[in-house]
1. Based on the Cβ-Cβ distance from A:L288 to A:R268, what FRET efficiency comes out when R0 is 25 Å, to the nearest 0.05?
2. Equivalent ellipsoid semi-axes for the range B:3-247, as square roots of 5 times the alpha carbon gyration tensor eigenvalues: give them largest first, rounded to whole Å.
3. Could you tell me how many degrees, from 0 to 90 and to the nearest 10, lie between the Cα long axis of helix A:94-104 and the main elongation axis, the longest principal axis, of the Cα atoms of chain A?
4. Post the alpha-carbon centroid distance, the range B:52-125 to the range A:100-146, in whole angstrom.
5. Using the alpha carbons of the protein assembly as shown, what is the convex hull volume per residue in cubic angstrom, as a whole number?
6. Let's test this: bin the Cα-Cα distances of the range A:113-249 at 10 Å from zero up to the farthest pair and state each bin's percent.
7. Once you keep just the Cα pairs under 8 angstrom separated by 6 or more residues, what percentage relative contact order results for the range B:156-253?
8. Residue by residue through the range B:58-67, which ³J(HN,Hα) values in whole Hz follow from phi under the Karplus form 6.51 cos²θ - 1.76 cosθ + 1.60 (θ = phi - 60°), with glycine and proline marked x?
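Derivation of every value follows stated rules applied to the coordinates shown; laboratory data play no part. Being a predicted model, the structure only gives us computed values, none of them experimental. Note that we place each Cβ from the backbone using ideal geometry, even for glycine, and neighbour counts take in every protein chain shown.
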Amino acid sequence: MQPIISVSGLNKTYGDFQALRNIDLQINRGEIFGLLGPNGAGKTTLINIICGIVKKSSGTVTVDGFDNVENFRETRSRIGLVPQELPTETFETPYDVCRFSRGLFGKPDNPAHIEKVLRSLSLWDKKNNKIMTLSGGMKRRVLICKALAHEPEILFLDEPTAGVDVELRQDMWNVVQALRESGVTVILTTHYIEEAEQLADRIGVINHGEVIIVQEKTRLMKELGKKQLVLHLSESVSVLPSSLENYQLELGGDGLELTYHYDTQRDRTGITALLSDLHAAGIKFNDLHTSQSSLEEIFVGLVNKKI
Amino acid sequence: MNFHAIRAIYRTEMARMMRTVVQSIVAPVLSTSLYFVVFGSAIGSRITEIDGVGYGAFIVPGLIMLAIMTESISNSSFAIYFPKFTGTIFELLSAPVSFVEVVIGYVGAAASKSVVIGMIILATAGLFVDLHIAHPLVMLLFLVLISVSFSLFGFILGVWADGWEKLTIVPVLVIMPLTFLGGTFYSISMLPPVWQTISLFNPVVYLVSGFRWAFFENSDVAVAVSFAMVMAFLLVCLFVVYWIFKTGYKIRC
Ligand SMILES: Nc1ncnc2c1ncn2[C@@H]1O[C@H](COP(=O)(O)OP(=O)(O)O)[C@@H](O)[C@H]1O
Ligand SMILES: [Mg+2]
């Protein structure tokens, strides 16, 4: 299937500073894509170029097969953007600004749709209040409603939950899930890993203006993630026998917990051998469990490796 | 062409005028009435006629011109400066619109306001003096063209300005003097010859003169020359606006 967004050889320089380096990226139709990277990595710049707010220095961006500069009307009408900053009108009302956004993006008035969007973000009873009287969280809701007012096929959420309360986060996830079910492609940037971990189907990691890796989330976690096996011993052990040296075990929990790190990618994890060597050494255990490293650990590992 | 976008911008801008109806309409009407009382009555009692027109009536076109020029500039410069200032301009930049829709929306709304204000002032003036408009259609044409060109000028000012000072200084330092020295309240034929020549370099002279011709059929410069000046100013502004959007000057980085 043709990707809905295709970025190739994209570069952006601000004066001498290269904010994006030769970016190649494909976003699939209908997926939730998490763009992950530390502050200043170039996430906002990349999004703003795709949306047409920032000019690219070189490279191409196509949206649904249309070039985003030559056929900007085609590409932009398909996109909704919730920006990172919180710029909102002040004297207007949520209802009016949503109606404005819808018109601006080329759609005829549709009060029913505006109502649906405002309701989905719990803004319906505030629809006629001046925006400046709303709280910060409410203002962000207004921005999300504005981005959805013209029924975009693609939604960009730039750092959507930075400084946002739990309730709004929940509302937002519900909206994102509903959008996804209706076939909308969602791209969210974040430096909160758990956000990407919870929501995204695929994850791209960007650092210093370069895309380091793009991978399905589950595969990323499987491939790059280390697993660990923790054994709970029946009797406390103070020193491990030399026969177990090769396993580089960690002894903890007052000598009652034994941790073994292994790589799921290898042919052999070494678990079977470890268990039989433990048996031979006379170490007994009454429980065991395995755990996987979080995306966070993977992310930190990736970013550090590249520096 | 994205007509829904033009309508959205236009509607929002006009709604803002309704929201601030006192500031947008009552204020210019009040200040014009004051000019009228002060200049019309105080000076009018000394100068009875200029070129065969009673002084009170003579200043009406100039007063309207003064109001629509300042209103056009302030309305459209503010309309585009404000989103730049708050950051809401991101939406305009990411929308499927070209400069054509943006300019028609903002400049159209600002010019509409000016035309409405011009009409209201005209009606207000009608309460004070007997007005006879010789060429109503020409008057309307000048009113619309001048409103549009100065709204375009205001749009350019709003894009160029990177602070409130710049936004307010141009109307005060440039437009007000040019208007007062542009034959708003007198005929330039009343000036010494040297100043008459100098006045001809003031573009406002041509606008006021052409507009006044539509009322009384007398003017400082030929009406065709006035018309040509208005069109020239309009075209220059259109070109600058086109260039701004072509290059993304101060808007897109
Ligand atoms: N308008 C600009 N002028 C100069 N540098 C900029 C501009 N916008 C962003 N940058 C720089 O580009 C880099 C990437 O910024 P950004 O895309 O906002 O990162 P992120 O969204 O990942 O935090 C940063 O180093 C930032 O300082
Ligand atoms: Mg950012």
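1. Values: r = 18 Å, r/R0 = 0.73.
That pair, A:L288 with A:R268, gives E of 0.85.
2. For the range B:3-247, the ellipsoid semi-axes come out as 33, 19, 16 Å.
3. 80
4. Cα centres, the range B:52-125 to the range A:100-146: 28 Å.
5. 191
6. Answer for the range A:113-249: a P(r) of 9, 31, 23, 15, 11, 7, 4, 0 percent.
7. Working: 67 pairs, mean separation 23.5, N = 98.
The normalised contact order for the range B:156-253 reaches 24 percent.
8. So the J values, rounded to whole Hz, are 4, 7, 4, x, x, 5, 4, 4, 4, 5.
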